[in-house]
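Visitor: Sharing a structure here in structure tokens format.
The values are calculated or read from the model by the stated rules, or taken from the named source; none is laboratory data. All values derive from a computational prediction rather than experimental measurement. Every residue, glycine among them, receives a Cβ derived from its backbone with ideal geometry; neighbour counts consider all protein chains shown. Ligands, DNA and RNA are excluded from the accessible area calculation, which covers all protein heavy atoms including side chains. Shrake-Rupley method; radii C 1.70, N 1.55, O 1.52, S 1.80 Å.
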Amino acid sequence: MNAKRKKLLYNSVTFGIVILAFLLCNAFYGEMSRSLRGQLIPICCWIVMAVSLNLVVGISGELSLGHAGFMSLGAFSGIVVSGWLLNGFGMENETLRLILAIVAGGLVSGVFGVLIGIPVLRLRGDYLAIVTLAFGEIIRNVMNCVYASVEGQSLSLGFLNPNLPGKLLLNGPNGAVSVGKIATFTAGFLLVLGTLIVVLNLINSRIGRAIMATRDNRIAAESVGINVTKYKMIAFVTAAVLAGMAGALYGLNYSTLIPGKFKFDQSINVLVFVVLGGIGNTLGSVLSATVLTMLPELLREFSDYRMLVYAVLLIAMMLITNTPASRAFFNNLKGLFRRKELHQAVRASQAPQETGKGGKQG
């Protein structure tokens with residue numbers, strides 16, 4: 001099987017699994033428990049976060065620990081835009097308001113991605129991880145001091161100033177107040193599909209090949225004229241935009257949201273999704289984000305021990321998927337399928353010759 005067919009099969013399987021999951025969730029929505037229904041939209045958000053971070057960690061080869069910061073920017077930007085449109089312009093159409101909020105969240109996160117990426121992406125390895133970690137913590141602490149209100153059609157923003165005129169939308173450390181819950185599972189599904197389309201097309205494009213070339217050998221890439229910083233910036237900003245859009249959808253799924261929700265551990269959780277699913281494996285990120293988001297809810301019957309069970313299962317899954325024995329097992333399976341395909345191809349190529357020989361003998 002050539003490379004193009006493999007990519008087509010991989011992409012088809014990825015989209016097929018996502019679409020099938022959406023159809024099954026809609027079909028059995030009424031039979032789901034309330035807690036499981038409440039996890040559907042967050043699962044979509046975490047899938048987008050995992051796939052977008054995989055673009056930086058797996059495809060670009062850079063370790064980013066501040067992805068929750070971009071999600072935070074998108075969440076609060078989307079909430080402010082939604083509240084402004086509702087209270088300032090009387091926009092009652094929730095679908096249109098949700099779309100505009102998601103777009104706004106992506107744009108704000110993208111702008112900050114550019115501002116952070118220009119100085120940061122010149123760093124490498126641990127230095128880049130430390131700076132992105134610091135960025136995520138700075139954003140969280142800054143959002144504790146930001147206030148926003150709407151009066152008429154005017155939007156007011158303040159820093160350490162809660163005495164703003166009109167109706168408060170952001171209330172500093174208390175976060176977003178009176179948020180309209182307008183997020184829908186359909187919007188989450190469409191956002192996941194859009195993210196997969198963007199990421200998979202980027203990976204398989206000329207830009208994606210240049211990004212992977214800089215990951216595999218930076219010096220060799222520079223020697224053939226590839227602008228390493230430029231292509232790493234493309235991956236970083238694309239991931240920031242997608243994280244901001246996921247954040248906007250996530251924020252509009254709750255009635256209140258505080259900045260403390262986007263601590264450092266959220267970035268680590270997303271990184272766990274990427275590592276467990278396989279670095280550079282988009283489908284693996286989708287599956288791991290889904291399973292690990294649902295797992296704490298499914299383990300609620302263990303009460304106080306559920307997070308301990310969750311940690312043990314997580315360690316077990318990491319050991320199973322990353323030990324040399326398991327890798328050898330999966331490689332043997334791949335080799336078995338490849339030998340079968342090769343044998344079938346040889347038989348198919350020999351079949352006309354045997355038929356021709358039989359015809360001559362007759």
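Visitor: Which links in LYS7/LYS261; LYS7/LYS181; LYS181/LYS261; LYS167/LYS261 stretch past 28 Å when you go from one Cα to the other?
Guide: LYS7/LYS261; LYS7/LYS181
Visitor: A further question follows. Can you compute 3J(HN,Hα) from phi for each residue in segment 280-294, using the Karplus curve 6.51 cos²θ - 1.76 cosθ + 1.60 with θ = phi - 60°, rounded to whole Hz and x for Gly and Pro?
Guide: Result, rounded to whole Hz: x, 9, 5, 4, x, 5, 4, 5, 5, 4, 5, 5, 6, 6, 7.
Visitor: In terms of Cα to Cα distance under 17 Å, which aspartates and glutamates are near enough to LYS230, apart from those fewer than 8 places away along the same chain?
Guide: Hits, sequence-local ones excluded: GLU62, ASP216, GLU222.
Visitor: So, by mean Cβ neighbours within 10 angstrom, what's the order for 166-177, 212-223 with the highest one leading? Kindly include the intermediate steps, with their values, before the conclusion.
Guide: Values: 166-177: 18.8, 212-223: 14.5.
With the highest mean Cβ count within 10 Å placed first, the list reads 166-177, 212-223.
Visitor: How much of the accessible area of the chain, in percent, comes from carbon and sulfur atoms when a 1.4 Å probe is used?
Guide: 64 percent
Visitor: Let me know the whole percent of all Cα-Cα pairs from segment 13-144 that are separated by more than 24 Å. Intermediate values should be presented prior to the final figure.
Guide: On the way: 3967 of 8646 pairs.
Pairs farther apart than 24 Å: 46 percent.
Visitor: How far is helix 206-216 tilted, in degrees, relative to the longest principal axis of the Cα atoms in the chain, given as a value from 0 to 90 rounded to the nearest 10?
Guide: It works out to around 90 degrees.
Visitor: Angle, helix 94-120 long axis vs. longest principal axis of the chain, Cα atoms, 0 to 90°, nearest 10?
Guide: Helix 94-120 sits roughly 80 degrees off the main axis of the chain.
Visitor: Quick check on segment 230-302: take the gyration tensor over C-alpha atoms, sort the square-rooted eigenvalues as a ≥ b ≥ c, and tell me if it's rounded (a/c under 1.5), prolate or oblate.
Guide: Oblate.
Visitor: Same structure again: Could you state the accessible area per residue of segment 3-306 in Å², with a 1.4 Å probe and every protein chain left in place?
Guide: Value for segment 3-306: 45 Å² per residue.
Visitor: Sort the following peptides by mean Cβ neighbour count (other Cβ atoms within 10 Å, averaged over residues), highest first: 67-73, 27-33.
Guide: In decreasing order of mean packing, 67-73, 27-33 become 67-73, 27-33.
Visitor: Let me ask you something else. Just report the Cα centroid separation between segment 181-226 and segment 75-94, whole Å.
Guide: Distance between centres, Cα-based: 30 Å.
Visitor: Before anything else, pin down the relative contact order of the chain: Cα pairs under 8 Å, at least 6 apart, normalised by residue count, whole percent.
Guide: 28 percent.
Visitor: Tell me the mean residue ellipticity at 222 nm calculated for the chain from its helices only (DSSP H runs of n ≥ 4, each -39500 (n - 2.57), averaged over every residue, nearest 500).
Guide: Taking each H run of at least 4 residues, the total per residue is -24500 deg cm²/dmol.
Visitor: Moving to a separate point now. Quick one, which of (1) 20.8, 67; (2) 19.9, 57; (3) 23.9, 100 is the actual Rg and Dmax of the Cα atoms in Å calculated for this model?
Guide: Answer label, from the structure shown: (3).
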